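A.B. asks: Just dropping this structure here.
Any read-out appearing in this document is the output of simple, stated calculations on the displayed coordinates, not a laboratory observation. What you see is a predicted model; the values in this text were computed from it and never measured. Neighbour counts are summed over all protein chains in view; Cβ atoms, including those assigned to glycine, are modelled from backbone coordinates with ideal geometry.
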Amino acid sequence: MKIIKFLPIIFLYFSLFSSFSNEKNSQLENKIFKNLRCIICQGQSIYDSQSDFAESMKLVVKQKLDSGMSEEEIYIFFKDQYGEWISYDPEFNTKTYFLWGLPVLIFLLGGAIILRKLAVLKN
Amino acid sequence: MKNRYFFIIIVLFFFFFIVLFKGLKNPNVYIPELQKEKNLSRFEASDFYSNKKTSSLDILNDNNFYLINIWASWCLPCREEHDYLIKLKEQNLVKLIGINYKDNFKNAKKFLNEMGNPYSKILKDKNGTVSIQLGAYGVPETFIIDKNKKIIKKIIGPIDKKIYNEILLIIK
Amino acid sequence: MIFNYIGNYSLIISVIISLTIFFLSISNLQKINIKKKINLNKLNFFQFFFVLVSFFSLVVLFVLSEFSNITVFNNSHTTKPLFYKISGTWGNHEGSLLLWLLILTLSLFIYFLSSKSRPIKERLLTLIFQEVIIIGFLIFIIKTSNPFNQIFPIPKEGLGLNPILQDPILAIHPPVLYLGYVSTSIIFSSSLASLVQGNVNNLWAKHIKKWIFASWIFLTIGILLGSIWAYYELGWGGFWFWDPVENISLMPWLSLTALLHCILVLEKRSLLSSWTIILSISTFTLSVCGTFLVRSGILNSVHTFANDPERGLFILIFLFILVFLSLVIYFLFEKNLKTNNNKFNLLTKESSILINNWFIMYFLSVILIGTIYPIFLEVLSDQKISVGPPFFNKLLIPFLIPFLIFMSIGPNLNWIKNKIFENKIQLIIFFILNLILSFFIIKIFGRITLTFTILLAASFYLFFITFKDLIKKDYKNISQAISHFGFSLLILSILMNSILSKEIIANLKVGEEIKFMESTIKFKKVENSSRSNFKSLVGFFEINNKDDKKFLFKPEIRIYNQPQVITSEADIKTNFFKDKFFVINLVKGENYFNIRYQEKPLMIWIWLSTILIAIGGSVSFFKRYEK
């Protein structure tokens, strides 16, 4: 019975959405733009920046996508040219073990502390 | 037990302090300098005069040192370094290739007429994509290419006397 | 001008008063003298009063465009509208520090007046600790960031006319934000005082709860204002960029949220006292740490103030003195904390708050590590990397799913013990409903990842459960119901918005048109005009729906000449279902324009749900307690 109460919500839900177009490539483009930094700007991606350099970089990304390069290959290209700094997604290598690992370690540590607290006090 | 925790935390604490203290001194502007030798990526551009599409493979075909210089007529530091480029050309040890960056043809020609033309070949980069293929991000920037087609030195900013001498050492 | 001197000397008078309060409090600790206690109220008032006079002097200097004052010269201009002259007072480093000081002294004044129920020694200790902070800031301001330095000869015009900074939301964003995280100083001072006195118990919890809620509400709204401004003004329809400065405001908020839940446990069950103190210390520490990171130039961000490593050094030293002192005090007096050996049953509200804190601390550590790791890497190994949205998304989103589920179950549990698992049937029904919903979602959208699907399901689960709690009309827990429902709505809105947003970026000449999904965008014309201090270029765009409804968009480009800045003013059409966002940009040397059109569903719900979260907190703040 309660489910019937929620059916109108479900239909309302559907009506909110129009159909999609096949904009796969431009979505991928924007995704890459948001992942690359603009060198001459203070803390902006080339997606957010309007600077000359950002515009040139966007053109290069488009050219490379058109020529068939994959997203990964494009990141590798830019990191090769400008260093790892240009990508907002830090790699997982010797330099960044702590970066990726420390939060997870803290999570596990917190879990251990809580379990101990629960176990100790249950007795 | 508690004392041990305290000790560990104090050590961590001083570690943080020292790192942040040192971090204050580092500039937070990023300059993509060349860390080690790397291969020159292939690039294509239009010839400055003839507008013909040329590939880097065709230009860099000799067993020579090459110097790729990115310049523009509107760039002030480019004027400063231009004399050094002329001198390098006269040494005859290296072939200079110019890439005219986001420039107006007439202004660029005027610049060359005024200051001299050290380049054995000039290419056009109207939208900045060629420079990015090289790994540059502004003007002026200069790349020294050795006989194995590797980039062995990247100069960001104008060439001054000190850098000029360094270049001479490399190409001799 | 005279206000320069009034401002400067008021600050000096404040230092004298602060020192007086400090030493008076210390001497009062030894012997209780009731007459002197009343004087403290007056002294607190005057300490605040003179900082207020100083602040007010700076405002006057800005309003009168008194360019003999260097701060005014650097940050103001005669043609600025009055409102922005006033808000320019705190829109710079020196002025904003004065605002910090104002709220520090105001908080202390209010604290001392409103804490009469607390033991006198605890109140005096709170005064002492707070005075250490206040005196530290006073010295910092007077020595390195004095807003009343003068310049001769007096310039005729000021330098500060950046149009991007002239925005109403940006004007009130700092005061609201500061009310949030500067007031956590009282929580810090009171916690340390209570620790020293051995008063960390349910009575203290009940007293400090109001402060925690007040800080939290202001901080929530402050962060919201920043995001709203970024969305409307920065031009590309984003509202959160994981920019270091944004992260820095989020960290105290997370710590404060965890503290808020903890203090309820302390009040109701007298548990988690040591963790509560640690959280109190960390919240204020994060606030000061944030101040350091933003003002020292150590981070690269769009939002940073002018870089000055000397000031950065001072804040760093001050920060570490504070942390060091609080660590020492904690370890010295930790034995005063009464450990409660009550049982911690698994299926109870206290356990679920413990789990909530666990997750929040994880989120906090992700953001903290992501923000300061590049600094450490560079110092230790001379390598530069960037940590941006992909990092935060990858580490936060997977953990958000169990967090949402715990949040659905936790508040429904009872304190101490849960004999019957209440509402079991309802929970199962909602769970099944979610499976159905998620199935349909996958059918329609197909392309979203499994993670997003599960996240969506978890969000809906929380949404249904909190909605049910809200309409249940349980007035005892109404504030929790409102805030949690607001939070579920926030997560849901952000998720749906990010999955369903569509955009098109193209280069168009006047007269051209382009297809976008099932509509057509026509570039009708461009109108040039000249305003008081800028040239305006308005593009007229008509978008035809498939139902043949027409929408007219008029995004604008503004070309200022003093300073030479070009800004884009988006045309945003908002309704409850989605936002339509249109921007144009000049392309150098070309005769076409770069246009960007986005359709962003549920955008307004992101703002409304955050306001709802704050409303829930306010309800709790104003609630009268049951006997």
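A.B. asks: Using the count of nearby Cβ atoms within 10 Å as a rough guide to exposure, how do C:ILE471, C:ILE499 rank from fewest to most?
C.D. replies: Lowest to highest Cβ neighbour count: C:ILE471, C:ILE499.
A.B. asks: Could you give each residue of the stretch C:145-152 its phi-based ³J(HN,Hα) in whole Hz, using Karplus coefficients 6.51, -1.76, 1.60 with θ = phi - 60°, and x for Gly or Pro?
C.D. replies: Ordered by residue, 3J(HN,Hα) equals 9, 6, x, 10, 6, 10, 9, 10 Hz.
A.B. asks: I've got another one for you. Please report the antiparallel percentage of the DSSP beta bridges confined to the protein assembly as shown, to the nearest 5.
C.D. replies: 85
A.B. asks: Relative contact order for the stretch C:502-604 using alpha-carbon pairs under 8 Å, separation at least 6, rounded to a whole percent?
C.D. replies: It rounds to 24 percent for the stretch C:502-604.
A.B. asks: Label C:GLU542 and A:ASP52 with points 7 Å out from Cα along Cα→Cβ: what is the distance between them in nm?
C.D. replies: 3.8
A.B. asks: In the P(r) worked out for the stretch C:197-239, what percent of Cα pairs fall beyond 15 Å?
C.D. replies: 60
A.B. asks: Do any trypsin sites (Lys or Arg not before Pro) in the stretch B:1-98 lie in a DSSP loop with no more than 12 other beta carbon atoms within 10 Å, and if so, which?
C.D. replies: Numbers: sites: B:LYS2, B:ARG4, B:LYS22, B:LYS25, B:LYS36, B:LYS38, B:ARG42, B:LYS52, B:LYS53, B:ARG79, B:LYS87, B:LYS89, B:LYS95; in loops: B:LYS36, B:ARG42, B:LYS52.
Those satisfying the criteria are B:LYS36, B:ARG42, B:LYS52.
A.B. asks: Hand me the GluC sites (Glu not before Pro) from the stretch C:530-627 located in a DSSP loop with no more than 14 other Cβ atoms within 10 Å, in residue order please.
C.D. replies: C:GLU590, C:GLU626
A.B. asks: Report the Cα centroid-to-centroid distance between the stretch B:95-156 and the stretch A:49-123 in angstrom, as an integer.
C.D. replies: 34
A.B. asks: Now for a different question. Could you check the simple spin-label distance between B:ASN51 and B:LYS25, using points 7 Å along Cα→Cβ, in nm with one decimal?
C.D. replies: 5.6
A.B. asks: Could you work out the helix-only [θ] at 222 nm for chain C, with each DSSP H run of four or more residues adding -39,500 (n - 2.57) and the total divided by the number of residues, to the nearest 500 deg cm²/dmol?
C.D. replies: Numbers: 18 runs with 394 residues, N = 627.
Per the formula, -22000 deg cm²/dmol.
A.B. asks: While we're here: Which distance in Å, rounded to a whole number, links the C-alpha centroids of the stretch C:273-300 and the stretch C:581-611?
C.D. replies: Cα centroid of the stretch C:273-300 versus Cα centroid of the stretch C:581-611: 34 Å apart.
A.B. asks: Moving on to the next point. Using R₀ = 45 Å, calculate the FRET efficiency as 1/(1 + (r/R₀)^6) where r is the Cβ-Cβ separation of C:LEU29 and C:ILE471; round to 0.05. All intermediate terms of the calculation are to be shown ahead of the outcome.
C.D. replies: Details: r = 52 Å, r/R0 = 1.16.
The value I calculate is 0.30.
A.B. asks: Continuing with this model, one more query. Calculate the translational D of chain B in whole µm² s⁻¹ from Stokes-Einstein, where the hydrodynamic radius comes from the Kirkwood formula applied to all Cα pairs, the temperature is 10 °C and the viscosity 1.306 mPa s.
C.D. replies: For these conditions, the coefficient is 88 µm²/s.
A.B. asks: A follow-up question, please. Cα-Cα pairs above 27 Å in the stretch C:1-165: how many percent?
C.D. replies: Of all Cα-Cα distances in the stretch C:1-165, 32 percent exceed 27 Å.
A.B. asks: Cross-link candidates for B:LYS38: which lysines have Cα within less than 16 Å, leaving aside residues fewer than 8 places away along the same chain?
C.D. replies: Within the straight-line limit of under 16 Å, B:LYS38 reaches these lysines: A:LYS79, B:LYS147, B:LYS149, B:LYS150, B:LYS153, B:LYS154.
A.B. asks: Once Rh for the stretch C:219-292 is found with the Kirkwood sum over Cα pairs, what is the Stokes-Einstein diffusion coefficient at 25 °C and 0.890 mPa s, in µm²/s?
C.D. replies: 180
A.B. asks: Then there's this: Under the definition of partner shielding as Cβ atoms of other protein chains within 10 Å of a residue Cβ, what is the mean value for peptide A:60-67?
C.D. replies: So the per-residue partner count for this stretch is 2.
A.B. asks: Tell me the angle of helix B:76-91 to the major Cα principal axis of chain B, expressed in degrees between 0 and 90 and rounded to the nearest ten.
C.D. replies: The angle comes out near 60 degrees.
A.B. asks: Please compute the alpha carbon radius of gyration of chain C, then divide it by the globular-protein estimate 2.2 N^0.38 Å. Two decimals is fine. Numbers along the way, then the final one.
C.D. replies: Working: Rg = 26.7 Å, N = 627, 2.2 N^0.38 = 25.4 Å.
With N residues counted in chain C, Rg over 2.2 N^0.38 Å equals 1.05.
A.B. asks: Would you kindly state how much longer the chain becomes between C:MET1 and C:PHE621 on full extension, computed as 0.36 nm times their sequence separation minus their alpha carbon distance, in nm to one decimal?
C.D. replies: Numbers: separation 620, 0.36 × 620 = 223.20 nm, distance 4.39 nm.
The C:MET1-C:PHE621 span can extend by a further 218.8 nm.
A.B. asks: Inside 10 Å of the C-beta atoms of C:356-369, what's the mean count of C-beta atoms belonging to other chains? Don't skip to the end; give the middle numbers.
C.D. replies: Values: counts 0, 2, 7, 2, 1, 5, 8, 2, 2, 8, 7, 1, 3, 7.
Mean partner-chain Cβ count within 10 Å for C:356-369: 4.
A.B. asks: Moving on to the next point. Please give me, ordered by residue number, the trypsin sites (Lys or Arg not before Pro) of the stretch C:71-159 that lie in loop per DSSP and have at most 12 other Cβ atoms within 10 Å.
C.D. replies: Sites meeting the loop and neighbour criteria: C:LYS116, C:LYS156.
A.B. asks: Pull up the DSSP beta bridges for the stretch B:1-131 and report the antiparallel fraction as a percent, rounded to 5. Working shown, then result.
C.D. replies: Working: 5 of 17 bridges.
Within the stretch B:1-131, antiparallel bridges account for around 30 percent of the total.
A.B. asks: Just want to confirm a number: the relative contact order over chain C, from Cα pairs under 8 angstrom separated by 6+ residues, in percent.
C.D. replies: Answer for chain C is 10 percent.
A.B. asks: Let me ask another. Calculate the radius of gyration of the Cα atoms of the protein assembly as shown to one decimal place, then report Dmax, the largest Cα-Cα distance, as a whole number, both in Å.
C.D. replies: 30.7, 96
A.B. asks: When a footprinting reagent is the concern and you count Cβ atoms within 10 Å, what order do C:MET496, C:MET603 take, fewest first?
C.D. replies: On the way: C:MET496 21, C:MET603 26.
Going from sparsest to densest Cβ surroundings: C:MET496, C:MET603.
A.B. asks: Another question, if that's okay. Report, in whole Å, the centroid distance computed from the Cα atoms of the stretch C:64-90 and the stretch C:326-396.
C.D. replies: Cα centroid to Cα centroid, the span is 41 Å.
A.B. asks: Is the C-alpha gyration tensor of the stretch C:499-627 telling us rounded, prolate or oblate? Criteria: a/c under 1.5 is rounded; beyond that, a/b larger than b/c is prolate, otherwise oblate.
C.D. replies: Oblate, because a/c is 1.5 or more while a/b does not exceed b/c.
A.B. asks: Can you pull out the cysteines in the protein assembly as shown that have no other Cys Cβ under 4.7 Å?
C.D. replies: Here C:CYS262, C:CYS289 come out as lacking a disulfide-compatible partner, given the Cβ-Cβ threshold of under 4.7 Å.
A.B. asks: To the nearest 20 Debye, how big is the dipole of chain C about its Cα centre, given +1 on the beta carbon of each Lys and Arg and -1 on that of each Asp and Glu?
C.D. replies: 2040
A.B. asks: Something else about it: Sort C:PHE541, B:PHE16 so the one with the fewest other Cβ atoms within 10 Å of its own Cβ comes first. Mind showing how you got there, number by number?
C.D. replies: On the way: C:PHE541 22, B:PHE16 17.
The fewest-first ordering by Cβ neighbours comes to B:PHE16, C:PHE541.
A.B. asks: Please give the charge dipole size of the protein assembly as shown, origin at the Cα centre, charges +1 on K and R Cβ atoms and -1 on D and E Cβ atoms. Round to the nearest 20 debye. Working shown, then result.
C.D. replies: Working: 99 positive and 64 negative charges, 600 e Å.
That gives the protein assembly as shown a dipole magnitude of about 2880 debye.
A.B. asks: Rounded to the nearest 0.05, what FRET efficiency is calculated for C:ILE514 and B:GLU166 with R0 set to 30 Å and r the Cβ-Cβ distance? Don't jump to the answer; show the numbers that get you there.
C.D. replies: Details: r = 52 Å, r/R0 = 1.72.
My answer for the efficiency is 0.05.
A.B. asks: Also, quick follow-up: Tell me, in nm to one decimal, what length is gained between C:SER498 and C:LEU159 on full extension, where the rule is 0.36 nm per residue of separation less the Cα-Cα distance?
C.D. replies: Details: separation 339, 0.36 × 339 = 122.04 nm, distance 3.97 nm.
Taking C:SER498 through C:LEU159 to full extension adds about 118.1 nm, to one decimal.
A.B. asks: Ok, one more. Among the lysines, which have Cα under 21 Å from the Cα of B:LYS126 when same-chain residues fewer than 8 positions away are ignored?
C.D. replies: Correct list for B:LYS126: A:LYS58, A:LYS62, A:LYS64, B:LYS52, B:LYS53, B:LYS102, B:LYS106, B:LYS109, B:LYS110, C:LYS509, C:LYS588.
A.B. asks: Obtain the nm distance between the two label points defined at B:PHE6 and C:PHE576 by a simple spin-label model: each point lies 7 Å from its Cα along the Cα-to-C-beta direction.
C.D. replies: Computed distance between label sites B:PHE6 and C:PHE576 equals 6.0 nm.
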